[in-house]
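One structure is given below, encoded as structure tokens.
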Amino acid sequence: MDEFYHLIDWALCLSGLIGLWFFFSRTGGPLNKAQAYMSVFREKGIYNPSYGLAIAFVYALLDIALSIVIYVWFYNDYWTDSDFGIAHLGRVILLYTIVLVSLHVFLPKIDNRHLRKTINTVDYHKMGLSMAAFVVVCVAVEYWLKRFVYGMWYGEESESILATVAVVASTAWIASSVYTSLNRYESIKNASERTLGALKTRHAPIVFLRSFVLDKPQRKGMTFDEYICSTFALNSQPIVSLSDPDDFLPTGGSIKIQSTDEEWESAINTLLMECRAVVIFEGKTVSLKTEMAKIQRFHIPHDKVFVATPPQNYRLAAWNDGKITERKYTLNYIWNDFVKALDTYGGMHGLPETDPGECMIFSFDKHWNCKAPVKKTGKDFLGYVVDQTVVHENDKCDYISLAEKLNRFELQHTQVLSKSDEKRIEKAIIKALIMSALMSLAVILLIKLLVK
Amino acid sequence: MTPTDFQTIEESLGSLFFILVLIYYFTQLGRLRHRKKLDDTDGVKKVKKQMLWGIPVFIVLFFAMVLSSSLLL
């Protein structure tokens, strides 16, 4: 009988732990919070990550201050350790939610689109190091408060050892993630200055057509575009693609054209007329469908066009959004929708209706029927496209004139943020933080009065 | 087995069942949100149907569990 009770206890404990993991994986660490704040800034048209990090910075200080307030007001003989633990959990959820809502309310909507291909002098390496150090200091202070001032985890020895190990491990992980994500900007800030006009080669470019969503996720510090271009001689065989004008910095890999909403089609038209090959990656956007239609409209030869699937980890990150149970369904759905669009808009037939798997390249015969696919990974992927388009190789591409043509369709405004906009944002952030601190204090005070 | 033992087992099984139902519906809600994001109207309909069918299935399962536990224990 006892064993049965133990089994039920374990099952309940396990489901509780899964629930907690689910909650913390979305709202837990400072990095997740910084990302959530950054997404609010992005919604408002502000793409500079330093604002989100600044909020996370002040949030951590507010969090520590509120934990001290809770300790001073509540910790007495009537509160057990578990009550105190629940109060702290409540504080984390409360403050996080109030800061998020306040930012939504106070931040002004700003048009912050500008040409990113300018010289960026910010030292992201130093910024990353200081943020990582800040995370370590914050966690150390909170640990010291919990362990030695509030007297938590003083039960059994194993409990305190476990808590210490968990704190040290999670801090190391968070600090390294903060550093890595900021240091990445250091590595791509020069890539964003690359221009077509500076190319010395005369080989026509290969053009990538893909949804911007596909270029967002990073695996091992590289986006999909950077991954397939990483071992390829880009200076002798340039790869060109459009970039999301909302990216804080255009990613590495192919040379990015940062065109305006009104002119992106003209930019694609220019590229399609001059290119050596076109690679269409699976995707699901209206723009991609427009691009497929252009291939037929401009009579691009069938042997210049390739359809491809990216590596599995990039596909899942772009389309599946971490849903474990939906992996197969999502990949099949995206591919199936893509195939239908290729048939309807691009006039390309015969592609399999179910997901063909990662890194597959499809080419077409003269009737635009799909040939047997080949699987190519790493540098072989672009190598295959180059090998198949040798007949279209010429040394007549004039990159200076191509750059001049495309320059007309690119965003021209280079100013990051006007001084008045900067002031508006700063004021809104200060308002949101003061409001959050006051509201959290008010809620804690109300609970204190109710508890009495 | 005393009546208290029986009551404890019933309560434990009841809470376990309740947690399983919660996990199921939270997972289904996640799937629904994900498919809505993909603009997958057929997929959304399918999940909604599964969620609706879940109600009678869980009710039947619940009564089956109560009956079988009272018969077995």
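Taking the 0 to 90 degree range and rounding to the nearest ten, how far is the long axis of helix B:41-72 tilted relative to the main principal axis of chain B, both from C-alpha atoms?
0 degrees
What trypsin sites (Lys or Arg not before Pro) in the stretch A:279-384 are in a loop by DSSP, with at most 13 other Cβ atoms within 10 Å of the Cβ?
Working: sites: A:K284, A:K289, A:K294, A:R297, A:K304, A:R315, A:K323, A:R327, A:K328, A:K340, A:K366, A:K371, A:K375, A:K376, A:K379; in loops: A:K284, A:K323, A:K366, A:K371, A:K376.
In loop regions of the stretch A:279-384 (DSSP not H, G, I, E or B), the sparsely surrounded trypsin sites (Lys or Arg not before Pro) are A:K366, A:K371.
What aspartates and glutamates could a cross-link reach from A:K256, if we take a straight Cα to Cα line under 12 Å and drop same-chain neighbours fewer than 8 places away?
A:E193, A:D215, A:D225, A:E226, A:D244, A:D247, A:E410
Shielding of B:10-22 by partners, i.e. mean partner chain Cβ atoms within 10 Å per residue?
So the per-residue partner count for this stretch is 2.
Take the alpha carbon gyration tensor of chain B, find the square roots of its eigenvalues, order them as a ≥ b ≥ c, and report rounded if a/c is under 1.5; if not, report prolate when a/b exceeds b/c, else oblate.
Because a/c hits 1.5 or more and a/b exceeds b/c, chain B counts as prolate.
Too long at a 23 Å Cα-Cα cut-off: which of A:K109/A:K220; A:K44/B:K45; A:K44/A:K419?
Long pairs (Cα-Cα over 23 Å): A:K109/A:K220; A:K44/B:K45.
Please give every one of the aspartates and glutamates within straight-line cross-link reach of A:K146, meaning a C-alpha to C-alpha distance under 18 Å, and leave out same-chain neighbours fewer than 8 residues apart.
Filter leaves A:D63, A:D77, A:D81, A:D83, A:E156, A:E157, A:E159.
Can you list which of the GluC sites (Glu not before Pro) found in the stretch A:306-359 are DSSP loop residues with at most 16 other C-beta atoms within 10 Å?
When the GluC sites (Glu not before Pro) of the stretch A:306-359 are filtered for loop state and at most 16 Cβ neighbours within 10 Å, A:E353 remain.
For the full complex of protein chains and a 1.4 angstrom probe, list B:R31, A:R194, A:R210, A:R408 by accessible area with the highest value first.
A:R408, A:R194, B:R31, A:R210
Summing Lys, Arg as +1 and Asp, Glu as -1, what charge do residues with Cβ under 15 Å from the Cβ of A:G350 carry, A:G350 excluded? Each step should come with its number before you reach the end.
Values: positive: A:K340, A:K366, A:K371; negative: A:D343, A:E353, A:D365.
Cβ neighbours under 15 Å give a net charge of 0.
Taking R0 as 51 Å, what FRET efficiency do you get between A:D395 and A:H125 from their Cβ-Cβ distance, rounded to the nearest 0.05? Before the final figure, lay out each step's value.
Numbers: r = 39 Å, r/R0 = 0.77.
Efficiency, rounded to the nearest 0.05: 0.85.
Among the lysines, which have Cα under 24 Å from the Cα of B:K48 when same-chain residues fewer than 8 positions away are ignored?
A:K284, A:K323, A:K328, B:K36, B:K37
Between A:A191 and A:V213, what's the calculated FRET efficiency when r is the beta-carbon distance and R0 is 22 Å? Round to 0.05.
Using R0 = 22 Å, I get an efficiency of 0.65.
Between A:I434 and A:H299, take the C-beta separation as r, use R0 = 45 Å, and let me know the FRET efficiency to the nearest 0.05.
Approximately 0.15, to the nearest 0.05.
The values are calculated or read from the model by the stated rules, or taken from the named source; none is laboratory data. These numbers were taken from a predicted model, which means no experiment stands behind them. Note that we place each Cβ from the backbone using ideal geometry, even for glycine, and neighbour counts take in every protein chain shown. Just so you know, the surface numbers come from the protein's heavy atoms only, side chains and all, with ligands and any DNA or RNA stripped out. Shrake-Rupley method; radii C 1.70, N 1.55, O 1.52, S 1.80 Å.
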